[in-house]
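J.: I have a structure I would like to understand better, so I am pasting it below and will then ask my questions one at a time.
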């Protein structure tokens, strides 16, 4: 029983966080840093459950920020004056990011950091198997051991 529960709990230790984008650039007045330029796109891991956490730091005039991809409806044309932290929970597939200073008349320095927190779902399969097989088997053995009368003798 403990073996099955331990395998199940250990399968959740496969959660990792890594920085996938860390880029700084200057946006002049009327400029746009568009998708597929260096540091403006990311494809999440395959066969995993991901969460993206991003931070945009702006020094100078404010800019407009937009993210495209699954679950990014809340990140369309967001005005960022100094600092913005966002989360895309249940991230999946390709994400592109746009930084827009076309409405501004001064230069802006931008730093963009994107971290992906992901869990490998393939590691959870042995955990679920252990939970489904070893825990019931352990319970059956424990109950059989309790039902056995102390001091009873067996005829061999």
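J.: What's the total number of residues in the stretch 14-51 that are touching a residue at least 40 places away in the same chain (Cβ under 8 Å) and within 21 Å of residue 110 (Cα to Cα)?
T.: 23
J.: Condition test on residue 79, is it buried (at least 16 other Cβ atoms within 10 Å of the Cβ), more than 30 Å from residue 145 (Cβ to Cβ), modelled with pLDDT of 90 or more and more than 17 Å from the chain's Cα centre (by Cα)?
T.: no
J.: Take the residues in the stretch 23-36 that are surrounded by fewer than 17 Cβ atoms within 10 Å (Cβ to Cβ) and more than 22 Å from the chain's Cα centre (by Cα); name whichever of them is modelled with the lowest pLDDT.
T.: Out of the qualifying residues, it is 34.
J.: Failed condition for residue 129, given (1) surrounded by 12 or more Cβ atoms within 10 Å (Cβ to Cβ); (2) over 17 Å from residue 35 (Cα atoms); (3) at pLDDT 90 or above, with all others met?
T.: So residue 129 meets the others, but not (3).
J.: Another question, if that's okay. Determine if the stretch 52-70 includes at least one residue that is free of Cβ contacts under 8 Å to residues at least 60 places away in the same chain, farther than 30 Å from residue 125 by Cβ, out of contact with any strand residue (DSSP E or B) (no Cβ under 7 Å at 6 or more places or on another chain) and not in a strand (DSSP E or B).
T.: no
J.: Of all residues being touching a residue at least 40 places away in the same chain (Cβ under 8 Å), surrounded by fewer than 16 Cβ atoms within 10 Å (Cβ to Cβ) and touching a strand residue (DSSP E or B) at 6+ places or on another chain (Cβ under 8 Å) in the stretch 98-114, which is nearest to residue 24 (Cα to Cα)? Just the residue, please.
T.: 111
J.: Going by the conditions given, is residue 68 at positive phi and out of contact with any helix residue (DSSP H, G or I) (no Cβ under 7 Å at 6 or more places or on another chain)?
T.: For residue 68, the condition - at positive phi and out of contact with any helix residue (DSSP H, G or I) (no Cβ under 7 Å at 6 or more places or on another chain) - is not met.
J.: Of all residues in the stretch 37-50, which are assigned to a loop (DSSP other than H, G, I, E, B) and either out of contact with any strand residue (DSSP E or B) (no Cβ under 7 Å at 6 or more places or on another chain) or modelled with pLDDT of 85 or more (or both)?
T.: 37, 40, 44, 46, 47, listed by residue number.
J.: So, residue 95, is that one at pLDDT 85 or above, surrounded by 12 or more Cβ atoms within 10 Å (Cβ to Cβ) and outside any strand (DSSP E or B) or not?
T.: No; evaluated as a whole, the condition is false for this residue.
The values are calculated or read from the model by the stated rules, or taken from the named source; none is laboratory data. Bear in mind the structure is a predicted one, so any value in this text is a computation, not a measurement. A quick note on method: Cβ atoms are made from the backbone with ideal geometry, for glycine too, and the neighbour counts reach across all protein chains shown.
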